[in-house]
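J.: What follows is a structure written as structure tokens; I'll ask about it next.
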Amino acid sequence: MHNKSLQCLLAVAVVGGLISLSGCGEQKPQGFSSQQLTDMLHLVMESDRAVYTKQVVNRLKEAGAIKASEHFVDDKALPLPAQMFRFGAETVASKTEAFSYSLQSLWPINKQNAPRTEAEKTGLQFIMDNPGENYYVEETLGGKRYFTAVYPDVAVAPVCASCHNEHKDSPRSDFKLGDVMGGVVIRVPLGG
């Protein structure tokens, strides 16, 4: 996709709680609520993360071909799924301010993945206490209003739980397949 096309797709205007995604004149703009937009973004993120974890990291580990490591360059290994997620979030942040996302946990191995705002802390606790539900809230940060959504990040493969359980810096060592290990936080600025 050309950079201009990407910029057109990411052109987001939030007015009165509705988000208008413009096709740069190619199609009539279609309105989505902030929640619909974050739900769609999360569906893509969750799917990509699960595919990488199951089809690459878990499969290659089980085959004994290559492992994933937080020191993947030095170890000549695959990046961990959380690292791949962060790399994607950093790339998006370098290209647009239309939204941001991060992977966070109440038990982060890497302290940069700890919640910082009250909305993040409340949202992570909510998804832990309410399996299968998401958390949505509006918050103000630095004088700007945002729609913030928190989605459960689940151990989708055995490698997820074992990696966290065995890591020397992990504050928790009892994760199992299907457990909520943290959350995906998506933030969209609200205008007007």
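J.: Among the residues that make up the range 82-104, is at least one of them at pLDDT below 90, out of contact with any Phe, Trp or Tyr (no Cβ under 9 Å at 6 or more places or on another chain) and either surrounded by fewer than 19 Cβ atoms within 10 Å (Cβ to Cβ) or on the phi > 0 side of the Ramachandran plot (or both)?
T.: No, every residue in the range 82-104 fails to be at pLDDT below 90, out of contact with any Phe, Trp or Tyr (no Cβ under 9 Å at 6 or more places or on another chain) and either surrounded by fewer than 19 Cβ atoms within 10 Å (Cβ to Cβ) or on the phi > 0 side of the Ramachandran plot (or both).
J.: Another one. Residues in the range 131-169 that are without any contact (Cβ under 8 Å) to a residue 12 or more places away in the chain and farther than 16 Å from VAL185 by Cα: how many?
T.: Of the residues in that region, 6 qualify.
J.: What pairs can you find where one residue is in the range 45-60 and touching a residue at least 40 places away in the same chain (Cβ under 8 Å), the other is surrounded by fewer than 16 Cβ atoms within 10 Å (Cβ to Cβ), and their Cβ atoms are less than 7 Å apart, with a gap of 6+ or different chains?
T.: ASN58/PRO158
Conditions (1) of a type outside the set (Gly, Ala, Ser); (2) crowded, with 19+ Cβ neighbours inside 10 Å; (3) in contact with a Pro (Cβ under 7 Å, 6 or more places away or on another chain), marked per residue:
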site	(1), (2), (3)
ASP153	yes, yes, no
ALA161	no, yes, no
PRO171	yes, no, no
MET181	yes, yes, no
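J.: Could you check, for the range 78-100, whether at least one of its residues is of a type in the set (Ser, Thr, Tyr) and touching a residue at least 60 places away in the same chain (Cβ under 8 Å)?
T.: To start, the set of residues in the range 78-100 that are of a type in the set (Ser, Thr, Tyr) comprises 91, 94, 96, 100.
In the following step, the residues that additionally are touching a residue at least 60 places away in the same chain (Cβ under 8 Å) were identified as 96, 100.
Yes, the range 78-100 contains at least one residue that is of a type in the set (Ser, Thr, Tyr) and touching a residue at least 60 places away in the same chain (Cβ under 8 Å).
J.: Return yes when ARG172 is charged (D, E, K, R) and either touching a residue at least 60 places away in the same chain (Cβ under 8 Å) or closer than 19 Å to PHE85 by Cα (or both) and no when it is not.
T.: Numbers: charged (D, E, K, R): yes; either touching a residue at least 60 places away in the same chain (Cβ under 8 Å) or closer than 19 Å to PHE85 by Cα (or both): yes.
Criteria met by ARG172.
The values are calculated or read from the model by the stated rules, or taken from the named source; none is laboratory data. The model shown is predicted, which means the values in this text are computed figures rather than measured ones. A quick note on method: Cβ atoms are made from the backbone with ideal geometry, for glycine too, and the neighbour counts reach across all protein chains shown.
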